[in-house]
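Below is a structure I'd like to ask you about.
Where a number appears in this text, it was derived from the coordinates with a stated rule and is not lab data. The structure displayed is predicted, hence computed values, not measured ones. Cβ atoms come from the backbone with ideal geometry, glycine included; neighbour counts cover every protein chain shown.
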Amino acid sequence: MLIDKFKTNLGKSSRGGETLYDHTMDCVKVAHKVLTDSRLVPADYPRHKRDQLLFSMFIHDVGKLDQNFQAMLQHAATHANLNGFKGKKVKHEASTLDFENLVRDTQEEVMEHSYSVLGYRFSSPVNFDDALAFAVSHHGLFYLSFEMRNGQEVHRIRREWTLFN
């Protein structure tokens, strides 16, 4: 389900539009290469941290599935920029939590796909809070806040640190 959505939506506007899947897999392949090169990462680097980074890298741009962001990418892909774009301009990181359930529901799909493409077998479930925080913060504009609302912990995407957050 997630992989199909990545294959049918844009991830970049360059070169007339690159799918979100192609962009994601390019990033995942780089992370995998770094993590499996003993000159870059020690052989005893914890497996659960490797798993966490690869899964987080796979979902890092899930917010790009936002319809407003897709409209921006489609416009930029055909016009080479956003000049004249009339739609809502958004940052994809701010839409990450809109797809939280999709990411949670497709963890096994992502892990199986990583094995079929990279030969990488995950050893354990990942920490979803860490994966979402990675996706929200990977450009340094936002952070993931864990806040109590009516006695329940909720995730919120924040841009600035304040006394209230």
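Can you find a residue in region 24-31 that is charged (D, E, K, R), free of Cβ contacts under 8 Å to residues at least 24 places away in the same chain and more than 19 Å from Leu102 (Cβ to Cβ)?
Yes, region 24-31 has at least one match.
Right, next: Could you tell me which numbered condition Val34 fails, if it satisfies all but one of (1) surrounded by 14 or more Cβ atoms within 10 Å (Cβ to Cβ); (2) more than 21 Å from Asp129 (Cα to Cα)?
Only one criterion is unmet by Val34, namely (1).
Can you pull out every residue in region 123-161 that is under 18 Å from Leu54 (Cβ atoms), buried (at least 17 other Cβ atoms within 10 Å of the Cβ) and aromatic (Phe, Trp, Tyr)?
Result: Phe134, single match.
Is there a residue being within 21 Å of Leu141 (Cα to Cα), in contact with a Gly (Cβ under 8 Å, 6 or more places away or on another chain) and surrounded by fewer than 16 Cβ atoms within 10 Å (Cβ to Cβ) anywhere in region 7-22?
No, region 7-22 contains no residue that is within 21 Å of Leu141 (Cα to Cα), in contact with a Gly (Cβ under 8 Å, 6 or more places away or on another chain) and surrounded by fewer than 16 Cβ atoms within 10 Å (Cβ to Cβ).
Residue by residue through region 92-119, note down the ones that are crowded, with 17+ Cβ neighbours inside 10 Å and outside any helix (DSSP H, G or I).
Matches in region 92-119: Thr106 only.
For Leu54, are the conditions met, namely being crowded, with 16+ Cβ neighbours inside 10 Å, under 12 Å from the mean Cα position of the chain (by Cα), over 23 Å from Ser13 (Cβ atoms) and hydrophobic (A, V, I, L, M, F, W, C)?
Judged against the criteria, Leu54 is a match.
Only one of Lys49, Lys12 is in contact (Cβ under 8 Å) with a residue 60 or more places away in the chain and at negative phi. Can you tell me which?
Result of the check over Lys49, Lys12: Lys12.
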